[in-house]
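Novice: Supplied in structure tokens, the structure appears directly below.
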Amino acid sequence: MTQQQPQTPTDPDAMLAQLRQQVRDGWEKGADFFDQRWGDQGDEFHHGVFAPAAERMLGLEHGARVIEFACGNGAFARRLGRQGMRVLATDLSPALIAHAERRTETIADQAMDVAYQVADATIEREIVNCGGPFDAAVCIMGVMSMPLLRPMFGGAWRILKPRGIFVVVTLHPAFATSGYKFAKSEQDGEPHGLTIERYLSRYVTHGVTNTAQKEPQIYFHRPLGELLADAFAAGLVLDGMEELAAPQQEIEQSRLMWNVLPEIPMAIALRFRRP
Ligand SMILES: C[S@@+](CC[C@H](N)C(=O)[O-])C[C@H]1O[C@@H](n2cnc3c(N)ncnc32)[C@H](O)[C@@H]1O
């Protein structure tokens, strides 16, 4: 029996629909695995580096109304909820939203104002349907999975209050989503730097969120200038940025090699504001 290769459509709308489906299928299939790996607070990258950076940049006051895009199993939503924020957390994957709800329902020690909704952040109307107005929006490690960013920035602009903040934390496009390889030392074979082979053009690639992951995710590389251009085109302005190194660990304990490269920022946190 011959196996049929899936047809690649040539019409741009059909291509986009196929990419959205591929992204959704990837997160849906891996949802139980991701939920287990991330646990209640996210992995060491999330709770050690990304979440604290997002929190610093959001600078929220108690009771602030926040929307999250690409919330996964809800680690950051619960973190904000425990601090008294009112959170609507959204994700493309119904299976991950179900994990987020289950993990949040089992927190009995305090009343939290955290709700979840399935929404595709590459479709502006799905964001606008989330209501608002919100004091702030946040997206942690989501943009690499999105074939389009303009709808998320446009949607955020429409549901944020004037002066509202949108913090995006993502893999650093110059280092961690561009065509890179870890450069290993000839003496001991340990990574001591990176070789970057491509950066300026957009492309689709595959990667893992941790080394135990069997099936890689589809990722979309775009250079930093293009990411920012989509936000600026939506009317947002950039007013803060931090470059973030991985949490440091000895090589034996390191889950991804980034942990032993403290001088190379694997992630970037960007703060946009709606004027
Ligand atoms: C690496 S995980 C990050 C999850 C969470 N923010 C965290 O930091 O633990 C990426 C998440 O993006 C979600 N995602 C991917 N594409 C999306 C889209 N178009 N709209 C909303 N969520 C999306 C996935 O379902 C997944 O939960």
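Novice: Across the stretch 64-80, what is the total count of residues that are more than 12 Å from the chain's Cα centre (by Cα) and within 20 Å of R274 (Cα to Cα)?
Specialist: Of the residues in that region, 4 qualify.
Novice: Of the numbered conditions (1) modelled with pLDDT of 95 or more; (2) away from the ligand (no atom under 11 Å from the Cβ); (3) under 25 Å from H47 (Cα atoms), D109 satisfies every one except a single condition; which is it?
Specialist: Of the numbered conditions (1) modelled with pLDDT of 95 or more; (2) away from the ligand (no atom under 11 Å from the Cβ); (3) under 25 Å from H47 (Cα atoms), the odd one out for D109 is (1).
Novice: Further question: Identify the residue in the stretch 9-30 that is more than 12 Å from I218 (Cα to Cα) and acidic (D, E) and, among all such residues, is farthest from the ligand (Cβ to nearest atom).
Specialist: By that ranking, first place goes to D11.
Novice: Tell me which residues, restricted to the stretch 84-106, are surrounded by 22 or more Cβ atoms within 10 Å (Cβ to Cβ) and modelled with pLDDT under 95.
Specialist: none
Novice: One residue is enough: does the stretch 72-85 have a residue meeting the conditions in contact (Cβ under 8 Å) with a residue 60 or more places away in the chain and part of a strand (DSSP E or B)?
Specialist: No, the conditions are met nowhere in the stretch 72-85.
Novice: Same structure, new question: Which of (1) touching a strand residue (DSSP E or B) at 6+ places or on another chain (Cβ under 8 Å); (2) farther than 24 Å from A245 by Cα is the odd one out, the single condition L60 does not satisfy?
Specialist: (2)
Novice: Right, here's the next one. May I ask you to list the residues in the stretch 32-52 that are assigned to a loop (DSSP other than H, G, I, E, B) and more than 8 Å from the ligand (Cβ to nearest atom)?
Specialist: Within the stretch 32-52, G39, D40, Q41 meet the criteria.
Novice: Where residues in the stretch 113-127 are surrounded by fewer than 22 Cβ atoms within 10 Å (Cβ to Cβ) and part of a helix (DSSP H, G or I), which of them is nearest to the ligand (Cβ to nearest atom)?
Specialist: Across the stretch 113-127, the extreme among qualifying residues is E126.
Novice: While we're looking at this one, here's another question. Please name all residue pairs, on different chains or six or more residues apart, with Cβ atoms under 7 Å, provided the first residue is in the stretch 1-17 and is surrounded by 10 or more Cβ atoms within 10 Å (Cβ to Cβ) and the second residue is among the hydrophobic types (A, V, I, L, M, F, W, C) and at pLDDT 75 or above.
Specialist: Within 7 Å, the pairs are P9/M15.
Novice: Would you check which residues across the stretch 63-97 are under 15 Å from G39 (Cβ atoms), in contact with a strand residue (DSSP E or B) (Cβ under 7 Å, 6 or more places away or on another chain) and basic (K, R) and list them?
Specialist: R78
Novice: Looking only at the stretch 127-181, count how many residues are in contact with an Asp or Glu (Cβ under 8 Å, 6 or more places away or on another chain), within 21 Å of R86 (Cβ to Cβ) and without any contact (Cβ under 8 Å) to a residue 40 or more places away in the chain.
Specialist: Count: 2.
Novice: A further question follows. Which residue pairs have Cβ atoms closer than 7 Å, lie 6 or more positions apart in sequence or on different chains, and pair a first residue in the stretch 197-219 that is loosely packed, with under 11 Cβ neighbours inside 10 Å with a second residue that is at pLDDT below 80 and of a type outside the set (F, W, Y)?
Specialist: Every condition considered, the pairs that remain are H206/P216; T211/R255; T211/L256.
Novice: Could you list all residues from the stretch 237-260 that are crowded, with 21+ Cβ neighbours inside 10 Å and modelled with pLDDT of 85 or more?
Specialist: Passing the criteria: only A246.
Novice: Please determine whether any residue of the stretch 215-230 is under 22 Å from W38 (Cβ atoms) and away from the ligand (no atom under 13 Å from the Cβ).
Specialist: Step one: filter the stretch 215-230 for residues under 22 Å from W38 (Cβ atoms), giving 215-220.
This time we only want the ones that are away from the ligand (no atom under 13 Å from the Cβ), so: 215.
Within the stretch 215-230, one or more residues are under 22 Å from W38 (Cβ atoms) and away from the ligand (no atom under 13 Å from the Cβ).
Novice: Inside the stretch 221-248, can you point out the residues that are within 25 Å of H47 (Cβ to Cβ) and touching a residue at least 60 places away in the same chain (Cβ under 8 Å)?
Specialist: Across the stretch 221-248, the qualifying residues are L227, G240, E242, E243, L244, A245, A246, P247.
Novice: Using beta carbons and a limit of 8 Å, which pairs, at least six apart or on different chains, have the first residue in the stretch 21-44 and under 13 Å from S93 (Cβ atoms) and aliphatic (A, V, I, L, M) and the second one part of a helix (DSSP H, G or I) and within 10 Å of the ligand (Cβ to nearest atom)?
Specialist: V23/S145; A31/A95; A31/L96; A31/H99
Novice: Restricting attention to the stretch 60-80, which residues are surrounded by fewer than 21 Cβ atoms within 10 Å (Cβ to Cβ) and near the ligand (Cβ under 10 Å from one of its atoms)?
Specialist: None; the set is empty.
Novice: On to the next question. If I filter the stretch 153-169 down to residues being under 27 Å from A17 (Cβ atoms) and touching a strand residue (DSSP E or B) at 6+ places or on another chain (Cβ under 6 Å), which single residue comes out as nearest to the ligand (Cβ to nearest atom)?
Specialist: So the first thing to find is which residues in the stretch 153-169 are under 27 Å from A17 (Cβ atoms), and the list is 153-159, 166, 168.
Narrowing the set further to residues that are touching a strand residue (DSSP E or B) at 6+ places or on another chain (Cβ under 6 Å) leaves 156, 159, 166, 168.
Working: A156: 12, I159: 15, F166: 14, V168: 11 Å.
It comes out as V168.
The values are calculated or read from the model by the stated rules, or taken from the named source; none is laboratory data. These numbers were taken from a predicted model, which means no experiment stands behind them. We place every Cβ from the backbone using ideal geometry, glycine too, and count neighbours over all the protein chains shown.
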